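Undergrad: Could you have a look at this structure, given as structure tokens, before my questions?
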Amino acid sequence: MIQPVNSAPQNTIKTSIFNINDFHGKSINMERAIAVSNAFDNDKKDKDVDKLKFSSGDIMLGEVEPTNKVAMLAQNYMGVMACTLGNHEYDMLEKVGNLIPDMKYRLLACNVNLPPQNPYAKKVEKSYVQKVNGHEYGVIGTSPCDLFSRLKYRKVFDDMHVHNISDTIKDIQKEIDKLKAKNINKIILLSHSGFAYDRKIAEETDGIDIILGGHSHDLIRDVEPDYNLLYSKSGEPVVITQAGRDGKYIDKLDVEFDKNTGILTKVRNSVTGTRGFKRNAPVRYVFEKILGKPHVVGQIESVPPPLENDLIEPNPHANFVVDCIRDELGTDIALLSAANVRGFFESGTLDSRVLDEISPFRNKLCVISYSEKEIVDALKATCKSMVRSNNKPGLLHPSGLKYTVSRSGELKNLTFISKDGKEHQIDVNNPDSNKFYRVGINDYCAQGNDGLKMLKKYDNAEKIYDFDLIKCVEDYFRKNPTPVTIKDDGRVTIVD
């Protein structure tokens, strides 16, 4: 849909923007996105269009250098002009300096103070001017205001400061004013702030035309007034986009600017699913040279299709994984956050690269004793994801438990299932603080991240393993070579 946002003058500048966000190291979808990018480059329907390519952060993920090297190369191959620093661009801070010299794109973040010893210090800019076909675009970037709540190793960042949203808005306006002083009147913000904050930024600044968003994983398919088409302090239109998470989609924004004023006159926003594109074969070869040749893990007989919203839906794919964790660690219960499951199984041969992308975080597993009350409190906290605007942090997927949650986010009932299959009801209104269960959980949740302070018992772990859930799945297939049928067994039920 083309959304007219102003009385269109005769003389306009047409611009088409290819934007990616929150790929989270998903290299298979990067291969597909490169095919989408090539199609964008080869589209010659209108040769008088300025084409821009940007990234709104979290393309990298975790501490594994090969994964992040692939993410860096993917952005190079796509011809990304600039990328803002999402929280996951900070995951591998001690080694990211190895990748920075090969980045062919700019890095942006105007709301972060980086000490001189930080590897990003000499690379990151607050804003810059991108020239295309003789036209100038001001481009600004922001890191998330909640950055430190997203980092597993907070102590590494003691000398770094990220500004809160109020100060971030001031930072952005300062960069806008600098750009306007250079007669730049088409201004784009690469934001890893989340959609709610992007709306606030749009309405509380003056001079931004486009916000290319990330962080909250919203999938914005079109242009809707008062939703993602808002107005600045001076009444000029501002459009916001975002393309979900994990590289399932890329965003394409087609706009027209008044040539004299730089004000938007027309906007068309669309998303393209990457799954419909073939993986780029030459790039796949290069990536496998870096990541290693995949090996066969096992066979999947049948499996449900991918979910629409895997943060707040019962997830058979996650259920299979968390069962493997419980089996491997020999615990009473295993818990896996929905946010840690970023892929899905498909029928047929399962290879190691697909398995790696189901949960690419490499979070080490632990065994910790949690009380019945701590478990109930964690479930209640994550059930609230049902009613949050971005559904974070998502539900907890259990093995050894089954529970019912209402669409209003209330934990309705809970049952412990012992290894002999017997069910034991737990009173969710009066859980026992003195009854304990041995729980298999990853180190991210065990450190109380994503607001799960009741699970912050990493320092009291019975055992911390040097492996993540991938080993658990591989070991399951080694012990059980028969093809697996994955299905929803009703352990998480959603009711009205």
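Undergrad: Quick check for me: using +1 on Lys/Arg Cβ and -1 on Asp/Glu Cβ, what's the dipole size of the chain about its Cα centre, in debye to the nearest 20? Can you show the working numbers first?
TA: Details: 68 positive and 70 negative charges, 184 e Å.
With Lys and Arg at +1 and Asp and Glu at -1, about 880 debye.
Undergrad: Straight-line reach from K364: which lysines have a Cα under 22 Å away, not including same-chain ones fewer than 8 places off?
TA: Answer for K364, where 22 Å is the Cα cut-off: K26, K69, K95, K152, K155, K392, K453, K456, K457, K463, K471, K479, listed by chain and number.
Undergrad: Let me ask something else about it. Measure off 7 Å from each Cα along the Cα-to-Cβ vector at Q299 and N430, then give the distance between these two points in nanometres to one decimal.
TA: 5.3 nm
Undergrad: Sticking with this one: Treating cross-link reach as a plain straight distance, find the lysines whose alpha-carbon is under 18 Å from the alpha-carbon of K402, omitting any fewer than eight places away in the same chain.
TA: Partners found: K373, K380, K384, K412, K419, K422, K435, K487.
Undergrad: Tell me which of G214, N111, G273 sits at the most positive position along the dipole axis of region 3-276, charges placed on C-beta atoms (Lys, Arg +1; Asp, Glu -1).
TA: Going by the charge dipole, the pick is G273.
Undergrad: 7 Å from Cα along Cα→Cβ at both S408 and V387: what's the point-to-point distance in nm?
TA: Spacing of the two 7 Å Cα→Cβ label points: 0.7 nm.
Undergrad: What Cys residues in the chain are without a partner cysteine, judged by a Cβ distance under 4.7 Å?
TA: C83, C110, C145, C366, C383, C445
Undergrad: Follow-up question, since we're still on this one. What does the extension gain come out to for K51 and K174, with contour length at 0.36 nm per residue minus their alpha carbon separation?
TA: Extending this stretch completely gives an extra 41.6 nm.
Undergrad: Using +1 at the C-beta of Lys and Arg and -1 at the C-beta of Asp and Glu, which of V495, N19, L73 has the Cα lying farthest in the positive direction of the dipole of the chain?
TA: L73
Undergrad: What are the extents of the Cα atoms of region 3-276 along their three principal axes, in Å, largest first?
TA: 54, 41, 32
Undergrad: Right, another one. Using mean Cβ contacts within 10 Å as the protection proxy, how do 328-334, 244-250, 270-276 order, highest first?
TA: Ranking the peptides 328-334, 244-250, 270-276 by packing returns 244-250, 328-334, 270-276.
Undergrad: Okay, next question. If you scale each eigenvalue of the Cα gyration tensor by 5 and take the root, what three semi-axes come out for region 337-430, rounded to whole angstrom and sorted largest first?
TA: Square roots of five times the eigenvalues give 26, 18, 13 Å.
Undergrad: Counting only residues 5 or more places away or on other chains, whose amide H sits under 5 Å from the amide H of L108 once H atoms are built in the peptide plane?
TA: The answer is C83, T84, L85, E125.
Undergrad: Follow-up question, since we're still on this one. What is the local net charge at R268, summed over the other residues whose Cβ is closer than 10 Å to its Cβ (Lys, Arg +1; Asp, Glu -1)?
TA: For residues surrounding R268, the net value is -1.
Undergrad: In addition: Would you work out which of N449, G409, L395 lies farthest towards the positive end of the dipole of region 368-496? Charges go on Cβ: Lys and Arg +1, Asp and Glu -1.
TA: G409
Undergrad: Against the longest principal axis of the chain, how steep is helix 316-329, in degrees 0 to 90 to the nearest 10, with axes from Cα atoms?
TA: Rounded to the nearest ten degrees, it is 50.
Undergrad: Given 0.36 nm per residue, what is the gain on full extension from E346 to N11 after removing their alpha carbon distance, in nm?
TA: Between E346 and N11, full extension yields 115.5 nm more.
Undergrad: A follow-up question, please. Taking the convex hull of the Cα atoms, report for region 156-256 its projected area averaged over all directions, in nm². It would help to have the intermediate numbers written out before the result.
TA: Numbers: hull surface 31.2 nm².
Projected area, direction-averaged: 7.8 nm².
Undergrad: Of all alpha-carbon pairs in region 21-60, indicate the percentage at a distance above 10 angstrom.
TA: Of all Cα-Cα distances in region 21-60, 75 percent exceed 10 Å.
Undergrad: Starting from 0.36 nm per residue, how many nanometres of slack lie between V286 and E462 once their C-alpha separation is accounted for?
TA: Once the chain is fully extended between V286 and E462, it gains 59.2 nm.
Undergrad: So if I take the centroid of the Cα atoms in region 81-130 and the same for region 469-491, what is the distance between those two points in Å?
TA: Answer, in whole Å: 39.
Undergrad: Further question: Using the Cα centre as the reference, give the magnitude of the dipole from point charges on the C-beta atoms of region 48-180 (Lys, Arg: +1; Asp, Glu: -1; all else neutral), rounded to the nearest 20 debye.
TA: The dipole of region 48-180 has a size of about 180 debye.
Undergrad: Describe numerically, in nm with one decimal, the distance between label points set 7 Å from Cα along Cα→Cβ at E63 and at R221.
TA: For E63 paired with R221, the spin-label model returns 4.0 nm.
Undergrad: Oh, and also: What is the percent of Cα-Cα separations in region 257-332 that go past 18 Å?
TA: Within region 257-332, distances greater than 18 Å cover 73 percent of Cα pairs.
Undergrad: If a paramagnetic tag sat 7 Å from the Cα of E423 along the Cα-Cβ line, which residues of region 388-413 would have the backbone N under 13 Å from that point?
TA: From region 388-413, the list is 401-404, 413.
Undergrad: Once you have the Kirkwood Rh of region 81-173 from its Cα pairs, apply Stokes-Einstein at 25 °C and 0.890 mPa s and quote D in µm²/s.
TA: Numbers: Rh = 14.0 Å.
For the chosen part, D equals 176 µm²/s.
Undergrad: Give the distance, in whole Å, between the Cα centre of region 365-398 and the Cα centre of region 269-336.
TA: 21 Å
Undergrad: Can you tell me which of 83-90, 485-492 comes out highest on packing, and rank the rest after it, using the mean Cβ neighbours within 10 Å?
TA: So the order, starting with the most tightly packed, is 83-90, 485-492.
Undergrad: Using the Cα atoms of the chain, I'd like the radius of gyration and the largest Cα-Cα distance, Dmax, both in angstrom.
TA: Rg and Dmax of the chain, Cα atoms, are 23.4, 75 Å.
Undergrad: Note down the magnitude of the dipole of region 3-276 about its Cα centre, charges +1 on Lys and Arg C-beta and -1 on Asp and Glu C-beta and zero elsewhere, to the nearest 20 debye.
TA: Dipole about the Cα centre, nearest 20: 540 debye.
Undergrad: How many times 2.2 N^0.38 Å is the alpha carbon radius of gyration of region 1-150?
TA: Region 1-150 yields a ratio of 1.13.
Undergrad: Also, quick follow-up: Hey, can you rank 288-295, 463-470 by average C-beta count inside 10 Å, highest first?
TA: Highest-to-lowest ranking by the protection proxy: 463-470, 288-295.
Undergrad: Take the Cα atoms of region 294-495, build their convex hull, and give its volume per residue in Å³. Walk me through the numbers on the way to the answer.
TA: Numbers: hull volume 22.8 nm³, N = 202.
Considering the Cα atoms of region 294-495, their hull volume per residue is 113 Å³.
Since every read-out is calculated from the coordinates, none of them should be taken as a lab result. It should be emphasised that the depicted structure is a prediction, and the values quoted were computed from it without experimental measurement. Positions of Cβ are backbone-derived with ideal geometry, glycine not excepted, and every protein chain shown enters the neighbour counts.
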